[in-house]
There are 2 protein chains.
Amino acid sequence: MITSDLGDEGALSPTERSTVRRHPDRAQADRRALDAVLDSGLLAHIGFVDESGQPFVIPVAYARDGDRLLVHGSTGSRLLRHLATGAAACVTVTHIDGVVVARSAFNSSMNYRSALVFGSFHRLEGHEAATAVDVITNHLIPGRVSEVRANTKKELAATMVLALDLTEASVKVRAGGPSDEPEDLEAPVWAGVVPTRLTASKAEPGDSRAALLPIPESVRTLIAKLS
Amino acid sequence: MITSDLGDEGALSPTERSTVRRHPDRAQADRRALDAVLDSGLLAHIGFVDESGQPFVIPVAYARDGDRLLVHGSTGSRLLRHLATGAAACVTVTHIDGVVVARSAFNSSMNYRSALVFGSFHRLEGHEAATAVDVITNHLIPGRVSEVRANTKKELAATMVLALDLTEASVKVRAGGPSDEPEDLEAPVWAGVVPTRLTASKAEPGDSRAALLPIPESVRTLIAKLS
């Protein structure tokens, strides 16, 4: 379904910067693991460095499109204009899956899945950019593109679309319960996990006109995805 | 309650790098807005730059402690060791508050609250570090420190604790419904918001011993906070 040019096993490239150092047991060298983290997220944090060497970390909507990651925004966006120059970037998507409550503070932790993608964005133009905008819209609100009018030329001209190839990435996952010290197991102290999840439970119409219409399929799909 | 040395109004410093350029209407120049975003988050994304100029964005647990932000981890952590050198950092905490479904794809958006804190971390030592570890534990699991044994000297020796002063930050918020084009309002297309939230609904005991014990106050408070 998803093709990969990352090797026979769809393995993620084990470069210097994408190698997981802390808890290598939590690293997942599988392209499907990367896709799963990216496909179930709504927001990425993009890191870049300005001229003075200062790092910035900015939250942005995104979508995966096969072997690349897409972002878009206003042509006036400082972030996008900087990324469009081919500046080095790191895109991180993290899911908070739970709080791990150990019998000691030291062994308490969090469950999470995170993906870091390294590389440089390049700008998409014309038809390719227009298609990419649709992919991002449908990632955020599944199937929405077929429910609304097409983007106008003016809207597309005001939108910058950037793509980053998924050639260098790392995925790190912590799952399961606490790992307590053997000597703590006898203590009469509760230990376990509080699972967490980004959820949605309802759709709120924006105005009285919308309130008269049924909730569209795209929105129902989004809520089901986040239920 | 929270003291601030950021000026009469607790205003955030309007420096070059902390000035919100896109949608300045979404900027909040209020220290309480910063504290609110930081206090209700579980995970921050820390950006830093390595020797080669490559940015990294790493998810970490954190806590606010008055006028500073705390992080901790293994003394062997590459991230923490790099930050401890005083390297430039950007710490971003983002809450995804909803998907904004407009009558056009172009005006669809996300509701969010994000805080960016700029500066350099410094390492805490001794009693100050030990206290900071407790603050982070209690941020993650409210009141947990009083339910478990104290951290041992060995555990504290294996833990690096860093602090970043909250002197330079920006907060950006998008809330409310879609802003549709006037010409789209007549279309028979639903528009509104799907509110999203990081939620927890239950505590899962980690083993049969824990299953025999009542859910502790700290965990019940955490679940209530995320309900």
With respect to the numbered conditions (1) modelled with pLDDT of 95 or more; (2) touching a Ser or Thr at 6+ places or on another chain (Cβ under 7 Å); (3) more than 7 Å from every other protein chain (Cβ to nearest Cβ), which one is the sole condition not fulfilled by B:Leu166? (2)
Would you point out which residue out of B:Ser18, B:Ser77, B:Ser4, B:Ser13 is closer than 30 Å to A:Glu16 by Cβ and at pLDDT below 95? B:Ser77
For the stretch B:28-53, the count of residues that are in contact with a Lys or Arg (Cβ under 6 Å, 6 or more places away or on another chain) and under 29 Å from A:Ser120 (Cβ atoms) equals 0
Residue that is nearest to B:Ala132 (Cα to Cα) [pool: residues in the stretch B:40-85 that are crowded, with 16+ Cβ neighbours inside 10 Å, facing chain A (nearest Cβ under 7 Å) and in contact (Cβ under 8 Å) with a residue 40 or more places away in the chain]: B:Ala61
Top-ranked residue in the stretch A:47-73 [being among the small types (Gly, Ala, Ser) and under 21 Å from A:Asp165 (Cα atoms); ranked as farthest from the chain's Cα centre (by Cα)]: A:Gly73
Matching entry among B:Ser208, B:Ser227, B:Ser201 (being of a type outside the set (A, V, I, L, M, F, W, C) and in contact with a helix residue (DSSP H, G or I) (Cβ under 8 Å, 6 or more places away or on another chain)): B:Ser201
Filtered residues of the stretch A:204-227 (kept if assigned to a loop (DSSP other than H, G, I, E, B) and either touching a residue at least 24 places away in the same chain (Cβ under 8 Å) or of a type outside the set (Gly, Ala, Ser) (or both)): A:Asp207, A:Leu212, A:Leu213, A:Pro214, A:Ile215, A:Pro216, A:Leu226, A:Ser227
Listed residues B:Ala130, B:Ala150, B:Ala200, B:Ala157; which is at pLDDT 95 or above and touching a strand residue (DSSP E or B) at 6+ places or on another chain (Cβ under 6 Å)? B:Ala200
So, B:Ala163, is that one surrounded by fewer than 17 Cβ atoms within 10 Å (Cβ to Cβ), on the phi < 0 side of the Ramachandran plot and not in a helix (DSSP H, G or I) or not? no
If A:Leu222 satisfies all but one of (1) within 19 Å of the chain's Cα centre (by Cα); (2) in the same structural domain as A:Val148 (by TED's automatic domain parsing), what's the number of the condition it fails? (2)
Within the stretch B:25-65, track down each residue that is polar (S, T, N, Q) and modelled with pLDDT of 95 or more. B:Ser40, B:Gln54
Would you check if there is a residue in the stretch B:190-204 being of a type in the set (A, V, I, L, M, F, W, C), more than 7 Å from chain A (Cβ to nearest Cβ) and more than 30 Å from the chain's Cα centre (by Cα)? no
Can you tell me how many residues within the stretch A:123-138 are crowded, with 16+ Cβ neighbours inside 10 Å and not hydrophobic (A, V, I, L, M, F, W, C)? 4
Can you work out which of the residues in the stretch B:171-224 that are among the basic types (Lys, Arg) and surrounded by 13 or more Cβ atoms within 10 Å (Cβ to Cβ) is nearest to A:Ala187 (Cα to Cα)? B:Arg209
Assess whether A:Val219 counts as being facing another protein chain (nearest Cβ under 7 Å), among the β-branched types (Val, Ile, Thr) and more than 20 Å from A:Arg64 (Cα to Cα). no
Can you tell me which residue within the stretch A:87-125, out of those that are basic (Lys, Arg) and either more than 10 Å from chain B (Cβ to nearest Cβ) or assigned to a strand (DSSP E or B) (or both), is farthest from A:Asp65 (Cα to Cα)? A:Arg113
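The values are calculated or read from the model by the stated rules, or taken from the named source; none is laboratory data. None of these values were measured; they are calculated from a predicted model. All Cβ positions, glycine included, derive from the backbone under ideal geometry; neighbour counts span all protein chains shown.
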